1. Tell me which of these Ile112 doesn't satisfy, since it passes every other one: (1) aliphatic (A, V, I, L, M); (2) assigned to a strand (DSSP E or B); (3) touching a helix residue (DSSP H, G or I) at 6+ places or on another chain (Cβ under 9 Å).
2. Hey, Cys140 hits all of (1) in contact (Cβ under 8 Å) with a residue 24 or more places away in the chain; (2) within 24 Å of Gly29 (Cβ to Cβ) but one; which does it fall short on?
3. Working carefully through the options Ser2, Ser45, find the one that is in contact (Cβ under 8 Å) with a residue 12 or more places away in the chain and either within 22 Å of Met107 (Cα to Cα) or surrounded by fewer than 21 Cβ atoms within 10 Å (Cβ to Cβ) (or both).
4. Which condition number does Gly66 fail, the rest of (1) touching a strand residue (DSSP E or B) at 6+ places or on another chain (Cβ under 9 Å); (2) closer than 29 Å to Thr124 by Cα; (3) outside any strand (DSSP E or B) being met?
5. Going by what's in this entry, would Thr71 be described as of a type outside the set (Asp, Glu) and under 28 Å from Gly130 (Cβ atoms)?
6. List the residue pairs whose Cβ atoms are under 9 Å apart, where the first residue sits in the stretch 65-77 and is free of Cβ contacts under 8 Å to residues at least 60 places away in the same chain, the second is of a type in the set (Phe, Trp, Tyr) and surrounded by fewer than 15 Cβ atoms within 10 Å (Cβ to Cβ), and the two are 6 or more positions apart or on different chains.
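The values are calculated or read from the model by the stated rules, or taken from the named source; none is laboratory data. Quick caveat, the model's predicted, so the values are computed rather than measured. Note that each Cβ is placed from the backbone with ideal geometry, even for glycine, and that neighbours are counted across all protein chains shown.
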Amino acid sequence: MSDYNNNRVMKYFPGNLTGTVIAGGNGLGINNTQLNHPTGLLFDSSTNSLIISNNGASNIVRWKIGDSKWTIIAGSSTGSAGTDSIHFNQPLSVTYDPMGNMYVADMFNHRIQLYLVGQSNGTTIAGISGIPGNNSTMLCYP
């Protein structure tokens, strides 16, 4: 589970109140051994990795179980936010479809970004970048 303000991901076994840190836990930051307010999580069984919405760093990272650091999948490597096709502004959640395409809820850009397999540029498939709204073409903090 994401432990947002402790900048880590924890693992708990059923019936056990004590968890284990499996990603992050090295303080708030943007170094590849740290997380910055993680939110959404996805387990990728094909790579034995967690895919993490690293919300405060405006990126999506892969943290292989047992490793001490992450690799970046999409977004900023420096923690900077943006509205273009290679940046996020506090991504909230991430999921994959059966073909391996990645979908990211880009919260403060008010959009959903699609990343086709092997591509580093996202395509906005819902919402309008940076503009919140409530009509049928807009999103507000997805």
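1. So Ile112 meets the others, but not (3).
2. (2)
3. On the way: Ser45 fails: in contact (Cβ under 8 Å) with a residue 12 or more places away in the chain.
None of the other options fit; the residue is Ser2.
4. (2)
5. On the way: of a type outside the set (Asp, Glu): yes; under 28 Å from Gly130 (Cβ atoms): yes.
Yes; evaluated as a whole, the condition is true for this residue.
6. Sorted first by the residue in the stretch 65-77, then by its partner, the pairs are Ile65/Phe43.
Every residue, every condition in (1) β-branched (Val, Ile, Thr); (2) touching a Lys or Arg at 6+ places or on another chain (Cβ under 6 Å); (3) under 26 Å from Ile22 (Cβ atoms), yes or no:
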residue	(1), (2), (3)
Ile60	yes, no, yes
Ile65	yes, no, yes
Ile86	yes, no, no
Tyr103	no, no, yes
Asp106	no, no, yes
Ile112	yes, no, no
Asn135	no, no, no
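Conditions tested, residue by residue: (1) modelled with pLDDT of 95 or more; (2) surrounded by fewer than 24 Cβ atoms within 10 Å (Cβ to Cβ); (3) basic (Lys, Arg); (4) not in a strand (DSSP E or B).
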| residue | (1), (2), (3), (4) |
| --- | --- |
| Ile51 | yes, yes, no, no |
| Gly56 | yes, yes, no, yes |
| Val61 | yes, no, no, no |
| Ala81 | yes, yes, no, yes |
| His87 | yes, yes, no, yes |
| Val104 | yes, no, no, no |
| Phe108 | yes, yes, no, yes |
